[in-house]
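Asker: Below you'll find the structure I mean.
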Amino acid sequence: MADVMWNGCAWSVKTVHNSNPFHATLARLISGRNSPDYSLGIQNPHANPQATGHAVLAIWNARVNEALNEFNDLRIVAMVRNMELRQFLLFEEEATRFTPADYRWEFNQRGNLEGFNRTGERRAFTWQPHGSQFTIHRQVPAAARKFSINRNVPMLTPDAILASVRFNPNWITIHGG
């Protein structure tokens, strides 16, 4: 969960590709591996969609709890981007725990589990059993920052980055091949 840490705060950083970031209204934030079988022993996720959905949220909530045990604040920052157009949209929000009873779960035609808000029927989550990928569907806030890069900025080479931090090869030991 904690990709960037500073001064007691941690951020989970997500990037989302969109052909037109300035008009994006929804961002799919992928949390990564989330396996109710591995974590909670649910061997047949299709047997009880509600139980599986509750387990998926329990795993997410446990990750948030773990990060908050180590950091004072946990935030999610999302960058919606189109590299070809050099357009970006950026927003940040608090990483929240989800209350399982607030969602209704059902499998879609492709076999993915979808969680819907009980109030409003908006899809809030998708969980893919075949890869255990958990996705949070977020509305892009109206206050999201939109910006573009107006000129070609040269890409930094790995050697230039290492030189800028005065990297010393003695900092690491390479083992094997």
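The values are calculated or read from the model by the stated rules, or taken from the named source; none is laboratory data. Being a predicted model, the structure only gives us computed values, none of them experimental. Neighbour counts are summed over all protein chains in view; Cβ atoms, including those assigned to glycine, are modelled from backbone coordinates with ideal geometry.
Asker: Is there a residue being within 20 Å of Gly115 (Cα to Cα), surrounded by 12 or more Cβ atoms within 10 Å (Cβ to Cβ) and touching a residue at least 60 places away in the same chain (Cβ under 8 Å) anywhere in segment 5-27? Please lay out each step first, then the result.
Answerer: Residues of segment 5-27 that are within 20 Å of Gly115 (Cα to Cα), as a first pass: 25-27.
With the extra rule that they be surrounded by 12 or more Cβ atoms within 10 Å (Cβ to Cβ), the set shrinks to 26-27.
From what's left, touching a residue at least 60 places away in the same chain (Cβ under 8 Å): 26-27.
Scanning segment 5-27, I find at least one residue that is within 20 Å of Gly115 (Cα to Cα), surrounded by 12 or more Cβ atoms within 10 Å (Cβ to Cβ) and touching a residue at least 60 places away in the same chain (Cβ under 8 Å), so the answer is yes.
Asker: Within the bounds of segment 64-78, is there any residue that is among the hydrophobic types (A, V, I, L, M, F, W, C), over 22 Å from Gly8 (Cβ atoms) and at pLDDT 90 or above?
Answerer: Initial filter on segment 64-78 (among the hydrophobic types (A, V, I, L, M, F, W, C)): 64, 67-68, 71, 74, 76-78.
After this cut, where a residue has to be over 22 Å from Gly8 (Cβ atoms) as well, the list is none.
No, because not a single residue in segment 64-78 is among the hydrophobic types (A, V, I, L, M, F, W, C), over 22 Å from Gly8 (Cβ atoms) and at pLDDT 90 or above.
Asker: What do you reckon, is Met83 within 30 Å of Arg151 (Cβ to Cβ) and loosely packed, with under 14 Cβ neighbours inside 10 Å?
Answerer: yes
Asker: Residue check, Glu66 against (1) farther than 26 Å from Phe22 by Cβ; (2) surrounded by 14 or more Cβ atoms within 10 Å (Cβ to Cβ), all met but one. Which one?
Answerer: (2)
Asker: Quick one: which of Phe88, Phe98, Phe134, Phe125 is outside any loop (DSSP other than H, G, I, E, B) and over 14 Å from the mean Cα position of the chain (by Cα)?
Answerer: Details: Phe98 fails: outside any loop (DSSP other than H, G, I, E, B); Phe134 fails: over 14 Å from the mean Cα position of the chain (by Cα); Phe125 fails: over 14 Å from the mean Cα position of the chain (by Cα).
Answer to the check: Phe88.
Asker: Condition (residue is modelled with pLDDT of 85 or more, assigned to a strand (DSSP E or B) and under 15 Å from Gln128 (Cα atoms)) applied to segment 8-21: is it met by at least one residue? Steps first, please.
Answerer: Of all residues in segment 8-21, those modelled with pLDDT of 85 or more come to 8-21.
If we keep only those that are assigned to a strand (DSSP E or B) as well, we get 9-17.
With under 15 Å from Gln128 (Cα atoms) added as a condition, the list becomes none.
Scanning segment 8-21 turns up no residue that is modelled with pLDDT of 85 or more, assigned to a strand (DSSP E or B) and under 15 Å from Gln128 (Cα atoms).
Asker: Does Pro49 fit the bill of being in contact with a Lys or Arg (Cβ under 7 Å, 6 or more places away or on another chain), in contact (Cβ under 8 Å) with a residue 24 or more places away in the chain and not aliphatic (A, V, I, L, M)?
Answerer: Numbers: in contact with a Lys or Arg (Cβ under 7 Å, 6 or more places away or on another chain): no; in contact (Cβ under 8 Å) with a residue 24 or more places away in the chain: yes; not aliphatic (A, V, I, L, M): yes.
Criteria not met by Pro49.
Asker: Ile174 is checked against (1) assigned to a loop (DSSP other than H, G, I, E, B); (2) closer than 29 Å to Pro21 by Cα and fails just one. What number does that condition carry?
Answerer: Only one criterion is unmet by Ile174, namely (2).
Asker: Let me ask something else. Please work out which one of (1) more than 19 Å from the chain's Cα centre (by Cα); (2) outside any helix (DSSP H, G or I); (3) among the hydroxyl-bearing types (Ser, Thr, Tyr) is the condition Thr52 fails and give its number.
Answerer: Tallying (1) more than 19 Å from the chain's Cα centre (by Cα); (2) outside any helix (DSSP H, G or I); (3) among the hydroxyl-bearing types (Ser, Thr, Tyr), Thr52 fails exactly one: (2).
Asker: Which number in (1) of a type in the set (Asp, Glu); (2) closer than 21 Å to Asn18 by Cα; (3) in a strand (DSSP E or B) marks the one condition that Glu114 misses?
Answerer: (2)
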